[in-house]
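Shown next, in structure tokens, is the structure this report addresses.
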There are 2 protein chains.
Amino acid sequence: MYIESLEKLINNFRSLPGVGYKTAQRYAYSILNKTKEEVSEFAKSIVDAKNNIKFCKECGNFSETDICEICRKKNTDIICVVKEPKDIAVMEKVKSFDGVFHVLGGTISPLENRGPDDIRIKELLSRVQKYGTKEVIMALNPDVEGDATAMYISKLLTPLGVKVTRLAQGISMGSDIEFADEVTLSRAMEKRTTL
Amino acid sequence: MYIESLEKLINNFRSLPGVGYKTAQRYAYSILNKTKEEVSEFAKSIVDAKNNIKFCKECGNFSETDICEICRKKNTDIICVVKEPKDIAVMEKVKSFDGVFHVLGGTISPLENRGPDDIRIKELLSRVQKYGTKEVIMALNPDVEGDATAMYISKLLTPLGVKVTRLAQGISMGSDIEFADEVTLSRAMEKRTTL
């Protein structure tokens with residue numbers, strides 16, 4: 001039996017990362033078991049998140065305001081460069097770091113036809129000069145593209161007298177920063193090495 | 001950094017079965033990467049499903065109409081009894097079955113204080129008499145509660161001249177009908193045994 005609104009809901013759940021038909025179906029049935037209030041709250045939170053969250057004009061992180069909370073409050077002497085906004089959520093848990101972030105929005109990848117001008121490197125340079133930043137920490141994933149991007153940025157910043165460091169290779173090769181645990185990240189932050 | 005609408009969205013995703021914080025976070029980020037149109041379509045499908053889907057007045061299955069499509073079109077000589085609406089979705093794939101379904105909405109469970117009057121057994125009896133149904137197939141999970149419920153219903157229906165069968169024990173003990181594969185279910189339907 002084909003129930004149109006159920007199939008539509010299942011299809012929408014399938015669009016989430018890593019969700020197959022059976023899982024989407026479980027999610028859909030669980031929606032039907034909620035109260036009307038819970039369901040409309042759920043739907044509203046989806047639309048609200050999309051409508052309210054934009055990118056911080058300074059660092060490129062998700063933010064509900066033009067300039068995010070971190071850029072307004074934290075120390076601009078030190079900038080931690082990450083690939084995506086979601087990496088900030090984990091890096092923020094590193095208590096020993098009190099600087100600001102910079103989201104590149106990707107890494108240099110000749111294979112995917114992404115050069116230095118396609119990611120936010122220019123924005124990083126102008127922030128470093130505007131702030132008089134002393135150190136830039138590269139917190140990119142420890143893979144070929146991450147290393148190449150870090151090296152490229154280091155060659156631009158070192159001549160300007162900026163210390164460029166990267167997270168210690170305590171993070172295992174090929175893994176993803178998003179899923180690293182806090183202890184590993186703290187240690188990697190502590191033992192960061194000069195590029 | 002606390003982004004209110006993001007946290008609200010993550011919390012809503014966490015209310016789905018088997019979803020923890022990290023998974024909910026991944027889902028939330030993927031919502032932010034969708035277009036506004038996709039997002040409002042997603043939100044609408046959640047509200048629509050909840051608003052449009054009710055229970056069929058005959059069988060208790062999910063339906064967008066008062067009487068579901070199966071009850072309107074299929075053969076009422078034979079009724080397949082299931083525990084929950086979601087079990088119908090899998091049982092329907094058994095090509096050799098062309099009868100209607102009946103959702104009990106649970107199984108008899110003294111431990112959870114659920115007796116015969118708390119599930120839709122009376123409704124089953126009145127449907128069997130109204131239709132003059134010849135056979136009732138018990139497609140309940142092969143566990144203690146499922147077996148007890150099947151036995152209870154069999155004792156009510158057999159004196160009325162109704163043949164009560166159950167799925168062959170091809171389905172492994174302790175498993176859940178929702179996750180059984182089609183081949184196993186087809187075989188179990190074929191070799192169903194008289195109670």
Pick out, in residue order, every one of the chymotrypsin sites (Phe, Trp or Tyr not before Pro) in the stretch B:1-92 that is DSSP loop and has at most 14 other C-beta atoms within 10 Å; say none if there are none.
B:Y2
Could you give the nm distance between label points at A:D66 and A:E92, where each point is 7 Å from its Cα heading toward the beta carbon?
2.2
Mind listing the phi-derived Karplus ³J(HN,Hα) values for the stretch A:106-115, rounded to whole Hz, using 6.51, -1.76 and 1.60 with θ = phi - 60°, and x for any glycine or proline?
x, 10, 5, 9, x, 4, 9, 6, 10, x
Approximate spin-label separation A:N11-A:L111, in nm, with each point projected 7 Å along Cα-to-Cβ
3.3
Restricting to DSSP H runs of at least four residues, report the calculated mean residue ellipticity at 222 nm for chain B, -39500 (n - 2.57) per run over all residues, nearest 500 deg cm²/dmol.
-13500 deg cm²/dmol
Taking R0 as 25 Å, what FRET efficiency do you get between B:N75 and B:S126 from their Cβ-Cβ distance, rounded to the nearest 0.05?
0.85
For the axis carrying chain A to chain B: nearest C-beta residue of A, whole Å:
A:A43, 2
Using mean Cβ contacts within 10 Å as the protection proxy, how do B:135-143, B:69-77 order, highest first?
B:135-143, B:69-77
The protein assembly as shown: C-alpha pair distances exceeding 33 Å, %
49
Give me the Kirkwood hydrodynamic radius of the stretch A:68-166, using the inverse of the mean 1/r over all pairs of distinct Cα atoms, in Å to one decimal.
13.6
Whether the stretch B:1-41 is rounded, prolate or oblate, judged on the alpha carbon gyration tensor where a/c under 1.5 counts as rounded:
oblate
Can you give the net charge of the other residues whose Cβ lies under 10 Å from the Cβ of A:S40, counting K and R as +1 and D and E as -1?
+1
Within the stretch A:5-21, the residues whose backbone N lies under 18 Å from a label point placed 7 Å from the Cα of B:E37 along the Cα-to-Cβ direction are A:12, A:15
At A:G106, label 7 Å along Cα→Cβ: distances to the other copies, nm, ascending?
5.5
Simple label model, 7 Å out from Cα along Cβ direction - A:K163 to A:S30, nm:
4.6
Taking every DSSP bridge whose two residues both lie in chain A, the antiparallel percent to the nearest 5 is 30
What are the radius of gyration and Dmax of chain B, computed over its Cα atoms and given in Å?
20.3, 69
Percent antiparallel among DSSP beta bridges with both residues in the protein assembly as shown, to the nearest 5?
30
Give me, ordered by chain and number, the residues 5 or more places off A:F101 or on other chains with an amide H under 5 Å from its own placed amide H.
A:C80
Could you give the length gained by full extension between A:R187 and A:D118, i.e. 0.36 nm per residue of separation minus their alpha carbon distance, to one decimal place?
21.7 nm
How high is the FRET efficiency from B:V144 to A:E4, r the C-beta distance, R0 25 Å, rounded to 0.05?
0.10
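Readers should treat all values here as calculations from the given coordinates under stated rules, not as data from a laboratory. In this text the structure is predicted, and so the values were computed from the model without any measurement. Every residue, glycine among them, receives a Cβ derived from its backbone with ideal geometry; neighbour counts consider all protein chains shown.
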